[in-house]
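Working notes, beginning with the structure itself.
The values are calculated or read from the model by the stated rules, or taken from the named source; none is laboratory data. All values derive from a computational prediction rather than experimental measurement. We place every Cβ from the backbone using ideal geometry, glycine too, and count neighbours over all the protein chains shown.
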Amino acid sequence: MGLRNLSFAPATVEVPGGESFTVRGLSPDKVITLYNRHTGQLSALWDSRENITEVQDLIVSLLSDAPDIMAELIAIASGSKVTDDFVEPDTEVNPLGLTDYERDVEAARSLPLPVQMEALLKIGELTFSSSMPPGKFLAVVIKLAGKATAAFSQSAKS
């Protein structure tokens, strides 16, 4: 069986009222994208939490200090594509001219706190493992992002 035949099952998150949505684990490229969008804030948050080993402790901590980033994380894990493309405002459907991504982030931000926590727990369970707990995973991602930035800077100088 080849890599392209692998299938990673999503998890379902129930929303009050009988609706639900699915989330998947985050790959390093998605985490790097999120990290690059919020480098300063995430670095500061991470420095104070690098010894956290339990996913639940990390989620509670980050929900209280970085709710916007957590909303983006939920949106990305539920399949939203990150984009900053300009969207022409539409007075009926999209009066603020938000991208689909921004609308997904707003939807995630408006979820009740218990639903956000459940979503983040499931994303954590699908992303992290006992051999790669949150601290180790994020340290690797930050190191990769730093190397990519350094390589890009070096090639830009050439």
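Worth pointing out:
- Every residue from region 118-131 that is modelled with pLDDT of 90 or more and closer than 16 Å to Ile69 by Cβ: Ala119, Leu120, Ile123
Yes/no per residue for (1) aliphatic (A, V, I, L, M); (2) more than 19 Å from Ser110 (Cβ to Cβ); (3) in contact (Cβ under 8 Å) with a residue 12 or more places away in the chain; (4) surrounded by 13 or more Cβ atoms within 10 Å (Cβ to Cβ):
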| site | (1), (2), (3), (4) |
| --- | --- |
| Leu3 | yes, yes, no, no |
| Phe8 | no, yes, yes, no |
| Tyr35 | no, yes, yes, yes |
| His38 | no, yes, yes, yes |
| Gln41 | no, yes, yes, yes |
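- Residue within region 42-58 that is under 21 Å from Gln116 (Cα atoms), at pLDDT 70 or above and assigned to a loop (DSSP other than H, G, I, E, B) present: no
- Test: residue in region 9-26 that is closer than 26 Å to Lys81 by Cβ, within 17 Å of the chain's Cα centre (by Cα), at pLDDT below 75 and not acidic (Asp, Glu): no
- Residue identified as assigned to a helix (DSSP H, G or I), over 22 Å from Pro10 (Cα atoms) and modelled with pLDDT of 75 or more among Asp104, Asp68: Asp68
- Filtering Lys81, Lys157 for residues that are exposed (fewer than 13 other Cβ atoms within 10 Å of the Cβ), at pLDDT 70 or above and on the phi < 0 side of the Ramachandran plot leaves a single hit, Lys81.
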